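Each remark here refers to the structure printed beneath this line.
Coordinate-derived values only; no laboratory data. Since this is a predicted model, take the numbers as computed values, not measurements. Note that we place each Cβ from the backbone using ideal geometry, even for glycine, and neighbour counts take in every protein chain shown.
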Amino acid sequence: MAEAITWLGRLTPTTVTATFSGISQDYTHLIAKGYCQADSDSTSAWTNNDGYINFNGDYGTGAHYGYMHQFFYGYITNPTKQMSKNQNATEMWMATARKQYSGSNTNSWSTITAKIYNYTSTSTTSQAKKAVMWWAGINNLANDCFYSNSTNLLTNDSAAITSLGFRNSNGWVSGTIFDLYGVKVG
Amino acid sequence: MPSKTVFNCATGIQTVVELTAEEIAADEAFAADEEVRHEAREAELAAVAAHKASGEAKLADLGLSVDEIAALVG
């Protein structure tokens, strides 16, 4: 069985939310890839600035069950690694780099890959229900790094996914891109 | 007026459009407790770090070297 991948479009946002709309229902799965940075001048010691994914405008606060994320956090200058996890979280969170933060450089960017399986499914009970996994990483060469790994079975959502969005409360800096691909299997 | 960036996959066109009143309300509701969730994540990390440090100190008290502790806990 072969896979054919088609590029569906690119977002280049500077607003708080960025959304792919009118997603064709002709594919089997979706893949989203992003290279992004939050437009935040915060001086927090945390390089992460909290990004979020939404489907059909829902950030996971209601319709989505089975979500969990775990993330790794480590310093380069102080090799202390930490791991944390959050089951049944109420938002679809991803580690996101901020423009600057205290004690480090201002050129930390994050990358994200999200895979959305069976995105056209309207089933909430069968094996054909929608599922999503996403990975996000921040690598700041001067100091610390983040890696988040998240998964969500969209078991309580009977609507096919027609829009996919990314949010950061500070907006995205110029140069941020999100690409969307359709994967056809068969 | 708050706005959002939309790429319409059907037309291949990106636009920046103003949020509707409903979208603004939803956005404000989401943002209202965003800081709380952020602080919860930071607190969880701090707690993990504290437990790790405490565990490493106890291992040191047992006579393990720094390298041995690092090999065990990373």
Sequence-distant aspartates and glutamates (8 or more away, or on other chains) whose Cα lies within less than 13 Å of A:Lys184: A:Glu3, A:Asp26
task: Quick one: net charge around A:Thr122, please, counting Lys, Arg +1 and Asp, Glu -1 for every other residue with C-beta under 11 Å from its C-beta.
output: +1
- prompt: How many partner chain Cβ atoms sit within 10 Å of a residue's Cβ in peptide B:35-44, on average, as a whole number?
  reply: 4
- prompt: Taking amide H positions as placed 1.01 Å from N in the peptide plane, with prolines and chain starts having none, which residues 5 or more places from A:Asp50, or on another chain, fall under 5 Å of its amide H?
  reply: A:Thr96
message: Students often get this wrong, so check it: of A:Lys130/B:Lys52; A:Lys99/A:Lys130; A:Lys33/B:Lys52; A:Lys33/A:Lys99; A:Lys33/A:Lys129; A:Lys115/B:Lys4, which have C-alpha atoms separated by over 30 Å?
response: A:Lys130/B:Lys52; A:Lys99/A:Lys130; A:Lys33/B:Lys52
- request: Summarise the partner chain shielding of A:19-30 as one whole number: the mean count of Cβ atoms from other chains within 10 Å of each residue's Cβ.
  value: 3
Computed label-point distance, nm, for sites B:Lys58 and B:Asn8 using a 7 Å Cα→Cβ extension: 6.2
Surrounding net charge for A:Val173, when Lys and Arg each add one and Asp and Glu each subtract one, Cβ distance under 14 Å: 0
field: For peptides B:57-69, A:160-172, sequence by mean Cβ density within 10 Å, most packed first
entry: A:160-172, B:57-69
statement: Taking every residue of B:9-16, the Cβ atoms of other protein chains inside 10 Å of its Cβ average out to 5
- line: Expressed to two decimals, chain B has a Cα Rg over Rh, using the Kirkwood radius, of 1.41
